[in-house]
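Peer 1: My structure is below; once you've seen it, I'll send some questions.
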Amino acid sequence: MAVYSNVKVKAYGKINLMLDVVGVRDDGYHMLNTVMQSVDVFDVLDLTLTDGEGFEIKCDREGFPLDKSNLIWKAADAFREHTKTDFGGKLTVTVEKNLPSMAGMGGGSSDCGAMLNALNIMFGTLLDEDELAKIGADLGADVPFCTLGGTRLCQGIGEITHKLSSPHCAFLIVKPDVSISTPDAFRKYDRIVNPQRCQLDYFLKGLASEKLLSMCIYMFNVLEYAAESEEIELAKKRLKDAGAYNSMMTGSGSAVFGVFENEELAKIAAEKLKPCYNYCEICKPIKKGFELISVQR
Ligand code: C5P
């Protein structure tokens, strides 16, 4: 029985501040050491329960899947199964899609994490965040993080998360006009002999020291090797030339971000880079993966 007939939430995107591959599981999934960071760019999910039955996703972004392949749909099925909840009506999810797809910003995973949180509110199921993240773990490697949000060291294939302190900075994120599929990125990475590795301990010390530069020196993403993209290299260079302490590809790409001391400096860089990229967004680190906008009984 629903507590609310309408729940509206923000699904925050993420970036990876460092990403290392430390092994491969028998099922082909890669074991990671990665630090993920929620950022305040977001999609909006508007859930409405009406008379009738069924499930529907609506979105006006072209190419956005509206069927069972969408992680929002999978989240609904997994939530229903796990909590034995009968939605008791027709559930329609209207998505305002702002996060770019195939960018490494957790577009699909963020929607999935926010959907689980929104259903937990709508049906008053009172699952704690770890239970929600556990449901999410079966849906995608980044979903547990996106369900929880903030700044976290994620290990295993991404499902083991440890909360970290958040950096104080601003990011400028740009998306070059290349799209990289995650499985392709990992497959390409597997073919690289002796890849350079991340220095996780130094990175974590830098982050904990709250000296931004100490963290930035150790930012590194091993999947950049797999991307092998001039466009990505160029975006990294442009961000640094525009004043970023450091720049890096997020996840399996293709979005690239620069780290700045504050929003004013990121804004100056954005003015320079805007003519080069359709997606060019200033954002801040944020301590949550989703946010409740409103509810209606
Ligand atoms: O879990 P998710 O559906 O996001 O992953 C998409 C694909 O990316 C997987 O099927 C797998 O090929 C690859 N992947 C991986 N190791 C990870 C995460 C993803 O190999 N830790």
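The values are calculated or read from the model by the stated rules, or taken from the named source; none is laboratory data. Computed from a prediction, not measured in an experiment: that's the story for all the values here. So basically every Cβ, Gly included, is an ideal-geometry build from the backbone, and we count neighbours across all protein chains shown.
Peer 1: Select, from 132, 139, the only residue that is outside any helix (DSSP H, G or I), out of contact with any strand residue (DSSP E or B) (no Cβ under 9 Å at 6 or more places or on another chain) and surrounded by 16 or more Cβ atoms within 10 Å (Cβ to Cβ). Even if it seems obvious, please write down each step before you answer.
Peer 2: Values: 132 fails: outside any helix (DSSP H, G or I).
139 is the lone residue from the list that is outside any helix (DSSP H, G or I), out of contact with any strand residue (DSSP E or B) (no Cβ under 9 Å at 6 or more places or on another chain) and surrounded by 16 or more Cβ atoms within 10 Å (Cβ to Cβ).
Peer 1: So residue 94 fits all but one of (1) touching a Lys or Arg at 6+ places or on another chain (Cβ under 6 Å); (2) crowded, with 22+ Cβ neighbours inside 10 Å; (3) assigned to a strand (DSSP E or B); what number is the exception?
Peer 2: Every condition holds for residue 94 apart from (2).
Peer 1: Scan region 111-120 and tell me whether some residue there is in contact with a Leu (Cβ under 8 Å, 6 or more places away or on another chain), within 14 Å of the ligand (Cβ to nearest atom) and of a type outside the set (D, E, K, R).
Peer 2: Our first condition is that a residue be in contact with a Leu (Cβ under 8 Å, 6 or more places away or on another chain); within region 111-120, this holds for 111-120.
In the following step, the residues that additionally are within 14 Å of the ligand (Cβ to nearest atom) were identified as 111-113.
Next, only the ones that are of a type outside the set (D, E, K, R) stay: 112-113.
Yes, region 111-120 contains at least one residue that is in contact with a Leu (Cβ under 8 Å, 6 or more places away or on another chain), within 14 Å of the ligand (Cβ to nearest atom) and of a type outside the set (D, E, K, R).
Peer 1: Still on this model: Residue check: is residue 101 under 15 Å from the mean Cα position of the chain (by Cα), farther than 30 Å from residue 214 by Cα and away from the ligand (no atom under 11 Å from the Cβ)? Don't jump to the end; show me each part of the working.
Peer 2: Numbers: under 15 Å from the mean Cα position of the chain (by Cα): yes; farther than 30 Å from residue 214 by Cα: yes; away from the ligand (no atom under 11 Å from the Cβ): yes.
So residue 101 passes the test.
Peer 1: Hey, could you check region 193-226 for residues that are over 17 Å from residue 152 (Cβ atoms) and within 14 Å of the ligand (Cβ to nearest atom) and say which is surrounded by the most Cβ atoms within 10 Å (Cβ to Cβ)?
Peer 2: The residue in question is 223.
Peer 1: Considering each residue of region 166-187, count those that are touching a helix residue (DSSP H, G or I) at 6+ places or on another chain (Cβ under 7 Å), farther than 17 Å from residue 18 by Cβ and within 16 Å of the ligand (Cβ to nearest atom), and give that number.
Peer 2: So the count comes out to 1.
Peer 1: Condition test on residue 81, is it away from the ligand (no atom under 14 Å from the Cβ), outside any strand (DSSP E or B), out of contact with any helix residue (DSSP H, G or I) (no Cβ under 7 Å at 6 or more places or on another chain) and modelled with pLDDT under 95?
Peer 2: Details: away from the ligand (no atom under 14 Å from the Cβ): yes; outside any strand (DSSP E or B): yes; out of contact with any helix residue (DSSP H, G or I) (no Cβ under 7 Å at 6 or more places or on another chain): yes; modelled with pLDDT under 95: no.
Criteria not met by residue 81.
Peer 1: Now a separate question. Can you list the strands (runs of 3 or more DSSP E) lying wholly within region 3-77 that have 1 or more residues being under 23 Å from residue 173 (Cα atoms)? Before the answer, list the steps.
Peer 2: Numbers: elements: 6-24, 30-50, 54-59.
Fully inside region 3-77 and qualifying: 6-24, 30-50.
Peer 1: Of the residues that make up region 219-227, is at least one of a type in the set (D, E, K, R) and modelled with pLDDT of 95 or more? Show your work before the answer.
Peer 2: Filtering region 219-227 down to residues of a type in the set (D, E, K, R) leaves 224.
Those still in the list that are modelled with pLDDT of 95 or more too: none.
Scanning region 219-227, I find no residue that is of a type in the set (D, E, K, R) and modelled with pLDDT of 95 or more, so the answer is no.
Peer 1: Looking only at residues that are under 27 Å from residue 68 (Cβ atoms) and within 14 Å of the ligand (Cβ to nearest atom) in region 27-55, which one is surrounded by the fewest Cβ atoms within 10 Å (Cβ to Cβ)?
Peer 2: This residue is 27.
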